[in-house]
Amino acid sequence: MKTYLICAAMLAHASHPGWAHQPTQTSEDTCNLVATYAEASGLPVELAVGVAYHESKLRTHAKNPTSSAYGPMQILSGWCKHGDDGCRTVESTMQASMVALWWHMNRWFVRWDWRKTAHSYVGVVVAIDKDRAAHHAAKIYTTALWLESQEQCQCSRGM
């Protein structure tokens, strides 16, 4: 139920005019895939969906032309050793993405700090354009917080 509420909120919000990317037919499937893997891994679904939206616009087979990043969460190839088959399938790409997200969440002294996790995940520390990277991380963080508020709102309504 949680994954459904979060993805429904994300897709409804992203479909409003003014958002940089309108959801496609496959966006719902990708969102549910990311949310399901995050929930099964014990990670915050809201943050994982926020990362996937801002990194790939919820595209399952997204590929960054300037780096080795690919998949919905734009996992870097170095993390692929954590997938069952080295990121040759969507499933192993998602496994590696969850390991990377977990690592970034536990990297800081204050565990599960979503703001620091978003900054770490997008590589603000090593980014060439630190202002752009910081802005990108801030969008992920605010989207995750917004999704969390939507889920709490829906749950308090008894949905």
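The values are calculated or read from the model by the stated rules, or taken from the named source; none is laboratory data. Note that the structure is a prediction, hence the values are computed from the model and not measured. In this analysis, Cβ positions are derived from the backbone assuming ideal geometry, glycine residues included, and neighbour counts consider all displayed protein chains.
Quick notes on this one:
- When segment 81-113 is filtered for residues that are small (G, A, S), assigned to a loop (DSSP other than H, G, I, E, B) and either under 19 Å from T30 (Cβ atoms) or modelled with pLDDT under 80 (or both), only G83 remains.
- Single condition K81 does not satisfy, out of (1) surrounded by 14 or more Cβ atoms within 10 Å (Cβ to Cβ); (2) over 17 Å from H136 (Cα atoms): (1)
- Any hit, segment 56-70, residues being in contact with a helix residue (DSSP H, G or I) (Cβ under 9 Å, 6 or more places away or on another chain), under 21 Å from W146 (Cβ atoms) and in a helix (DSSP H, G or I): yes
- Some residue of segment 11-22 being under 16 Å from A144 (Cβ atoms) and at pLDDT 90 or above: no
- Residues (over 9 Å from the mean Cα position of the chain (by Cα) and at pLDDT 90 or above) located in segment 39-58: E39, A40, S41, G42, L43, P44
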